[in-house]
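Everything below concerns the one structure shown next.
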Amino acid sequence: MEKRELICIGCPMGCMVTVSLDDGKVCEVTGNTCKRGDVYARKEVTNPTRIVTSSVRVNGGTYPVVPVKTREDIPKGKIRDCMKALKEVVVDAPVKIGDVVLKNVADTGIDVIATKDNEMHDVGRR
């Protein structure tokens, strides 16, 4: 039987959680003080996922980049592919919060969205 120790990030408590596995299947989760700890630990040892945050370039915007994130968590193993794809993305201003800047990133079925507005640059403004 294999045991893995994790610090839970499911809530602010940060519990030290121990997951017991038998042949790759979770048998027991201990150390969590809430239900979220159990859910987090099971998912983390069997199918770890993450929300990815980054930025992409913007043409004609008030700022040269806009912050973005994956709409949902993606498999941890796809993060490198996600970042590689985002490196190539350039969007035109204006960009609004929630705008999709990249669909189906790294074949995950998850879109990347803007997390801040970036208006068109006003050339006449000083």
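The values are calculated or read from the model by the stated rules, or taken from the named source; none is laboratory data. Model, not experiment: these values are computed from the prediction. Here the Cβ is made from the backbone with ideal geometry for all residues, glycine too, and neighbour counts use every protein chain on show.
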Checklist entry - Within region 95-126, how many residues turn out to be in a loop (DSSP other than H, G, I, E, B), farther than 22 Å from P75 by Cβ and among the hydrophobic types (A, V, I, L, M, F, W, C)? => result 2
Checklist entry - Does region 32-73 hold any residues that are without any contact (Cβ under 8 Å) to a residue 40 or more places away in the chain and part of a loop (DSSP other than H, G, I, E, B), and which are they? => result N32, T33, C34, N47, P48, I51, P64, E72, D73
Checklist entry - Just wondering, is there one or more residues in region 82-100 that are on the phi > 0 side of the Ramachandran plot, within 14 Å of the chain's Cα centre (by Cα) and buried (at least 19 other Cβ atoms within 10 Å of the Cβ)? => result no
Checklist outcome for this item: The lone condition V112 fails out of (1) buried (at least 17 other Cβ atoms within 10 Å of the Cβ); (2) more than 26 Å from G10 (Cβ to Cβ) is (2)
Next on the checklist: Please determine whether any residue of region 48-56 is of a type outside the set (S, T, N, Q), modelled with pLDDT of 95 or more, touching a strand residue (DSSP E or B) at 6+ places or on another chain (Cβ under 7 Å) and surrounded by 15 or more Cβ atoms within 10 Å (Cβ to Cβ).
Outcome noted: yes
Next on the checklist: Whether any residue in region 58-78 is of a type in the set (A, V, I, L, M), under 12 Å from the mean Cα position of the chain (by Cα) and closer than 22 Å to K43 by Cβ is what I want to check.
Outcome noted: yes
Next on the checklist: at negative phi and either surrounded by 13 or more Cβ atoms within 10 Å (Cβ to Cβ) or not assigned by TED's automatic domain parsing to the domain that holds A106 (or both): which single residue out of P64, P75 fits that description?
Outcome noted: P75
Checklist outcome for this item: Residues in region 74-94 that are outside any loop (DSSP other than H, G, I, E, B) and either touching a strand residue (DSSP E or B) at 6+ places or on another chain (Cβ under 7 Å) or β-branched (V, I, T) (or both) total 11
